[in-house]
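Colleague: Below: one structure in structure tokens.
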Amino acid sequence: MIGLYWALSYLMGNFMTAYFVGKVYGVNLQAERSKNLGTRNAGSVIGKAAFVWTFLGDALKGVLVVWLGYLWQLEEWVMIGGAAWVIAGHLFPIWLKFNGGKGVATFIGVGIALSPSLFLWMIIGTMLSLVFIRSLTLSMVGGFIFYIGAIIQAGKLEPYGLLIIAIMCMLIKHMSNIQESLKRRK
């Protein structure tokens, strides 16, 4: 059952909302600006409506994976593994030669569905960082630090291990954005 759930989670992550939103608008987002199939690129290239639809679709697949875990009455660590796999599917979709999005919207859906109280620390960390750093990209890193700190404080490091690995993969995918934001601060 675990293997089936995790495989299904990865496949659900492969649903790239931005790809289909781009098709509706007649735009190949893989050929525009960052060439990324994510919320930010959809919004930058197509506009606010594309941003909203892409965000909702990508967040929803994260929520659905967690809800499916609850429906199947899976153990917490198994659901958290499913959350990591849906993010991995978004980052590395097999049908697009492993070239997907950066995972933030999917992570938001997963984080809220798994534990709103832990996810609140992601929000607090991002907002506090934003006050001082004034860069949403860099503030997101602050949010992840607070989120992982909250996981450790709650004594849930072991069950959340795969999700922390997924977060590290997301940060690697964001490295060019992080470097660009750091250059602008100099």
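Colleague: At 1.4 Å probe size, put Trp67, Trp121 in order of accessible surface, largest to smallest.
Modeller: Numbers: Trp67 145, Trp121 115 Å².
Largest accessible area first, the list is Trp67, Trp121.
Colleague: Something else about it: Any chance you could list P(r) for the range 6-95, counting all Cα-Cα pairs in 5 angstrom bins from zero, rounded to whole %?
Modeller: 3, 16, 24, 20, 15, 11, 6, 4, 1
Colleague: Sorted from largest down, give the three principal axis spans of the alpha carbons of the range 135-186, whole angstrom values.
Modeller: 38, 18, 12
Colleague: Would you report the distance distribution of C-alpha pairs in the range 1-55 as whole percents per 10 angstrom bin, up to the bin with the largest distance?
Modeller: 27, 42, 19, 11, 0
Colleague: Pull out the extension gain between Phe132 and Leu4, defined as 0.36 nm times the separation in residues minus the alpha carbon to alpha carbon distance; nm, one decimal.
Modeller: Values: separation 128, 0.36 × 128 = 46.08 nm, distance 4.40 nm.
41.7 nm is the gain from fully extending Phe132 to Leu4.
Colleague: If you don't mind, another one. Taking a probe of 1.4 angstrom, what is the accessible area of Tyr25 in Å², to the nearest 10?
Modeller: Surface accessible to solvent at Tyr25 totals approximately 110 Å².
Colleague: Are there DSSP H segments in the chain that both extend 24 Å or more along their axis (alpha-carbon positions) and score a mean Kyte-Doolittle hydropathy of at least -1.0? List them, or say none.
Modeller: Working: long enough: 48-71 (33 Å, 1.27); 116-133 (25 Å, 2.06); 136-153 (25 Å, 1.76).
Helices meeting the criterion: 48-71, 116-133, 136-153.
Colleague: For the chain, what class follows from the C-alpha gyration tensor (a ≥ b ≥ c being the square roots of its eigenvalues): rounded when a/c is under 1.5, otherwise prolate if a/b is larger than b/c, else oblate? Display every interim value, and only then the final one.
Modeller: Details: a/c = 1.90, a/b = 1.12, b/c = 1.71.
Note, shape of the chain comes out oblate.
Colleague: Next up: Within the set Lys102/Lys156; Lys35/Lys173; Lys35/Lys61; Lys102/Lys183, which residue pairs have Cα atoms separated by over 18 Å?
Modeller: Values: Lys102/Lys156 25 Å; Lys35/Lys173 13 Å; Lys35/Lys61 22 Å; Lys102/Lys183 20 Å.
Long pairs (Cα-Cα over 18 Å): Lys102/Lys156; Lys35/Lys61; Lys102/Lys183.
Colleague: Taking 37 °C and 0.692 mPa s as the conditions, I'd like the Stokes-Einstein D for the range 85-186 in µm²/s, using the Kirkwood hydrodynamic radius from alpha carbon pairs.
Modeller: On the way: Rh = 14.1 Å.
D, rounded to a whole number, is 233 µm²/s.
Colleague: Around Gly89, what is the net charge, scoring Lys/Arg as +1 and Asp/Glu as -1 over all other residues with Cβ under 15 Å from its Cβ? Working shown, then result.
Modeller: Values: positive: Lys61, Lys97, Lys102, Lys173; negative: Asp58.
Net charge in that neighbourhood comes out at +3.
Colleague: Whole angstrom only: what separates the Cα centroid of the range 131-166 from the Cα centroid of the range 1-51?
Modeller: 24
Colleague: The range 1-97: which trypsin sites (Lys or Arg not before Pro) are DSSP loop and have at most 16 other beta-carbon atoms within 10 angstrom? Mind dumping the intermediate values first?
Modeller: Details: sites: Lys23, Arg33, Lys35, Arg40, Lys48, Lys61, Lys97; in loops: Arg33, Lys35, Lys97.
Of the trypsin sites (Lys or Arg not before Pro), the ones in loops of the range 1-97 whose Cβ has at most 16 other Cβ atoms within 10 Å are Arg33, Lys35, Lys97.
Colleague: Over the chain, give the accessible area per residue in Å² for a 1.4 Å probe, as an integer.
Modeller: Values: 9810 Å² over 186 residues.
Accessible area per residue: 53 Å².
Colleague: Now, a different point. Based on the Cα gyration tensor of the range 58-124, what are the three equivalent ellipsoid semi-axes, each the root of five times an eigenvalue, rounded to whole Å and given largest first?
Modeller: On the way: eigenvalues 81, 47, 14 Å².
For the range 58-124, the ellipsoid semi-axes come out as 20, 15, 8 Å.
Colleague: In nm, what is the difference between 0.36 nm times the number of residues separating Leu56 and Lys35 and their Cα-Cα distance? Working shown, then result.
Modeller: Numbers: separation 21, 0.36 × 21 = 7.56 nm, distance 1.98 nm.
That pair, Leu56 and Lys35, stretches by 5.6 nm at full extension.
The values are calculated or read from the model by the stated rules, or taken from the named source; none is laboratory data. Model, not experiment: these values are computed from the prediction. Positions of Cβ are generated from backbone atoms using ideal geometry, with glycine treated the same way; all protein chains shown enter the neighbour counts. Note: areas computed on protein heavy atoms with side chains; ligands, DNA, RNA excluded. Shrake-Rupley method; radii C 1.70, N 1.55, O 1.52, S 1.80 Å.
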